[in-house]
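> My questions will all concern the structure given below.
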Amino acid sequence: MAENIIDGDQAVLFKWTDTLATGIEIVDNQHKELINLTNELFRACMRGGDVLDIVFKETMGKVVEYVRFHFGFEQGMLQRVKFPNYTEHKGEHDKFIKTVLEETKNYSEGRSFVPNKFVRYLKDWIVSHIAYTDKIYAAYVHDQMKKGLISPKDITG
């Protein structure tokens with residue numbers, strides 16, 4: 001899961017696997033998009049040159065926008081379902097966003113920035129966050145649904 005994979009003619013840093021699934025379809029689809037965007041950044045790094053400059057910068061913007069969208073959705077859901085560890089979960093999101101924004105600024109300003117290092121950081125954070133932190137709230141959500149304490153509408157908003 002964490003190694004470079006050649007998928008047809010396209011290099012990918014990592015792929016979605018069922019081990020990352022939370023069992024919450026809307027969240028899993030959003031996580032898949034984060035993986036796709038990370039792989040776009042990776043492919044830009046592999047090509048280098050002008051592609052790196054143009055595609056990487058454009059995709060970095062998409063990553064920032066999508067991360068904000070996804071975290072906003074996820075945090076709203078966690079509030080609706082009254083997830084007891086909401087504050088800690090949000091704190092992880094906030095720390096990640098701060099790092100991404102700092103690195104984006106460094107890249108935009110031409111400061112010390114290693115695109116491939118950033119992409120690997122992104123991949124590692126996504127995998128560990130989904131596989132551990134998101135699985136915790138997913139178990140809570142599934143348990144609350146089983147008990148009839150929340151409904152699918154609480155998840156989707």
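> Of all residues being touching a residue at least 24 places away in the same chain (Cβ under 8 Å) and touching a Phe, Trp or Tyr at 6+ places or on another chain (Cβ under 7 Å) in region 110-126, which is surrounded by the most Cβ atoms within 10 Å (Cβ to Cβ)? Just the residue, please.
Residue satisfying both the conditions and the ranking: V119.
> Go through region 61-75 residue by residue and tally those that are acidic (D, E) and at pLDDT below 95.
1
> Collect the residues in region 8-27 that are farther than 26 Å from G157 by Cα and charged (D, E, K, R), keeping them in residue-number order.
D9, K15, listed by residue number.
> Which residues, taken from region 129-156, are assigned to a helix (DSSP H, G or I), among the charged types (D, E, K, R) and at pLDDT 95 or above?
Result: D134, K135, D143, K146.
> Can you go through F83, F56 and tell me which one is modelled with pLDDT of 95 or more and either out of contact with any strand residue (DSSP E or B) (no Cβ under 8 Å at 6 or more places or on another chain) or not aromatic (F, W, Y) (or both)?
F83
> State all residues of region 110-128 that are of a type outside the set (A, V, I, L, M) and assigned to a helix (DSSP H, G or I); if no residue qualifies, say none.
P115, N116, K117, F118, R120, Y121, K123, D124, W125, S128
> So, of the residues in region 40-93 that are surrounded by 14 or more Cβ atoms within 10 Å (Cβ to Cβ) and of a type in the set (S, T, Y), which turns out to be farthest from the chain's Cα centre (by Cα)?
That would be Y86.
> Take K90 and tell me if it is of a type in the set (D, E, K, R) and either more than 29 Å from I26 (Cβ to Cβ) or in contact with a strand residue (DSSP E or B) (Cβ under 6 Å, 6 or more places away or on another chain) (or both).
Against the criterion (of a type in the set (D, E, K, R) and either more than 29 Å from I26 (Cβ to Cβ) or in contact with a strand residue (DSSP E or B) (Cβ under 6 Å, 6 or more places away or on another chain) (or both)), K90 does not qualify.
> Another one. For region 127-142, which positions are touching a residue at least 12 places away in the same chain (Cβ under 8 Å) and either among the polar types (S, T, N, Q) or under 19 Å from G76 (Cα atoms) (or both)?
Within region 127-142, H129, I130, T133, D134, K135, I136, Y137, A138, Y140, V141, H142 qualify.
> Going residue by residue through region 93-111, is there one that turns out to be under 21 Å from F14 (Cα atoms) and at pLDDT below 85?
Scanning region 93-111 turns up no residue that is under 21 Å from F14 (Cα atoms) and at pLDDT below 85.
The values are calculated or read from the model by the stated rules, or taken from the named source; none is laboratory data. All values derive from a computational prediction rather than experimental measurement. Positions of Cβ are generated from backbone atoms using ideal geometry, with glycine treated the same way; all protein chains shown enter the neighbour counts.
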